[in-house]
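Q: The structure that follows is given in the form of structure tokens.
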Amino acid sequence: MDLNALVHGVPVSWYLVLSAMLFAIGAAGFVLRRNIITVFMCIELMLNAVNLTFIAFSHELKSVHGHIFTFFVMVVAAAEAAVGLAIILTVFKNRSTLNIDEVSTLKN
Amino acid sequence: MEIFFFLLFAIVALACALNVVLQKHPISSALSLVGVMVSLAVLYLMLGAEFIAMAQVVVYAGAVMVLFIFVIMLLNAGAETRKGGSITAQVLGIPALLAFFAALVFLITTYYPGLSPVKFGDFTGGGAREIGMKLFSSYLLPFEVTSVLILIAIVGAIVLARKELD
């Protein structure tokens with residue numbers, strides 16, 4: 001990869017690598033964090049990383065279909081956030097905790 | 001010019017994403033996530049996705065994150081306490097993460113080596129008009145099904161979050 005080519009634009013694979021990094025960070029946070037709200041935010045981070053891949057490939061193929069998929073992902077993520085946060089509210093009301101280690105009735 | 005803006009916003013996005021995971025307080029995580037979303041919106045704009053970039057700012061950075069912050073404030077969520085934690089996770093966590101990332105990069109560079117460079121203004125088919133034409137012709141059925149999904153989500157959220165009637 002020479003610098004001369006970089007002047008004429010960023011390779012699409014850089015966007016894909018950025019997306020992979022964001023997804024990996026989101027996945028790590030999903031496993032590491034113990035606060036249920038933060039775990040939820042890491043899911044949103046992973047969804048955003050996937051959206052970036054869709055848009056990058058849409059640019060590569062010069063097609064608008066990837067944009068439509070991203071649009072649907074956004075809509076479903078908004079619906080998911082509404083229901084998920086309502087579930088978090090109910091969990092907090094019943095258990096008075098946000099720590100996912102203390103919400104393990106199904107595990108035991 | 002493209003490379004400057006790409007690197008700037010990619011670094012901001014990565015730093016904010018790391019901050020989401022590393023911060024102990026949920027409010028700090030939420031504000032960092034707003035940073036990730038706004039910088040991703042700029043990257044979408046560079047890729048020619050004008051409508052999606054605007055929707056990203058309005059829907060994600062606006063509506064969804066306000067909902068998150070509203071719930072954090074409502075529940076008065078404090079800094080999380082770390083205790084326990086399996087030894088396996090502590091030892092293998094970072095290597096597993098790096099291996100996962102390396103596998104993704106390997107797949108990308110193996111299967112898509114010769115992708116064309118992104119130049120601002122190369123692709124202009126991402127405006128509201130083009131998206132609307134496609135959405136209301138080829139993707140009409142998924143669009144309508146999504147509206148039903150939103151309706152179900154609204155009803156579900158209200159049923160879950162309402163006060164129990166005694």
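Here, each number is a calculation from the coordinates, and none is a lab measurement. Source: prediction; values computed, not measured. With ideal geometry, Cβ positions are generated from the backbone for all residues, glycine too; neighbour counts draw on all protein chains shown.
Q: With just the Cα atoms of chain B, tell me how far they stretch along each of the three principal axes, in Å, largest first.
A: 57, 46, 27
Q: Okay, next question. Identify which of B:A102, B:A15, B:A30 has the largest mean-square fluctuation in a Gaussian network model of chain B, with springs joining Cα atoms closer than 10 Å.
A: B:A102
Q: Under the definition of partner shielding as Cβ atoms of other protein chains within 10 Å of a residue Cβ, what is the mean value for peptide B:35-47?
A: Across the residues of B:35-47, the mean count of other-chain Cβ atoms within 10 Å is 4.
Q: With springs only between Cα atoms under 10 Å, which of B:I152, B:I69, B:I52 fluctuates most in a Gaussian network model of chain B?
A: B:I152
Q: While we're here: If you average 1/r over all unlike Cα pairs in region A:3-95 and invert the result, what Kirkwood radius do you get in angstrom?
A: Details: mean 1/r = 0.0667 Å⁻¹.
Kirkwood hydrodynamic radius for region A:3-95: 15.0 Å.
Q: Another question, then. From other protein chains only, count the Cβ atoms within 10 Å of every residue's Cβ in A:94-104, then give the mean.
A: Details: counts 0, 0, 1, 0, 8, 4, 1, 4, 0, 0, 0.
Partner-chain Cβ atoms within 10 Å, mean over residues of A:94-104: 2.
Q: Further, regarding this structure: For B:T81 and B:S137, what is the calculated FRET efficiency with R₀ set at 41 Å and r taken between the beta-carbons, to the nearest 0.05?
A: 0.20
Q: Turning to a different aspect of this structure: Expressed as an acute angle from 0 to 90° and rounded to the nearest 10, what is the orientation of the C-alpha long axis of helix A:65-95 relative to the principal long axis of chain A?
A: 20
Q: What is the sum of charges, Lys and Arg at +1 and Asp and Glu at -1, for the other residues whose Cβ falls under 13 Å from the Cβ of B:K119?
A: Around B:K119, the charge tally is -2.
Q: Given 37 °C and 0.692 mPa s, compute D for the protein assembly as shown with the Stokes-Einstein relation, Rh being the Kirkwood radius over Cα pairs; round to the nearest whole µm²/s.
A: The Stokes-Einstein estimate is 165 µm²/s.
Q: Suppose each label sits 7 Å from its Cα in the direction of the beta carbon; what would the B:D122-B:F5 distance come out to in nanometres?
A: That separation, rounded to one decimal, is 1.4 nm.
Q: Give me a single rounded figure for B:86-96: the average over its residues of other chain Cβ atoms within 10 Å of their Cβ.
A: Taking all residues of B:86-96 together, the mean is 1.
Q: Sticking with this one: I want to verify a result. In a Gaussian network model of chain B, Cα cutoff 10 Å, which of these has the top mean-square fluctuation: B:F106, B:F120, B:F51?
A: Greatest mean-square fluctuation among the candidates belongs to B:F106.
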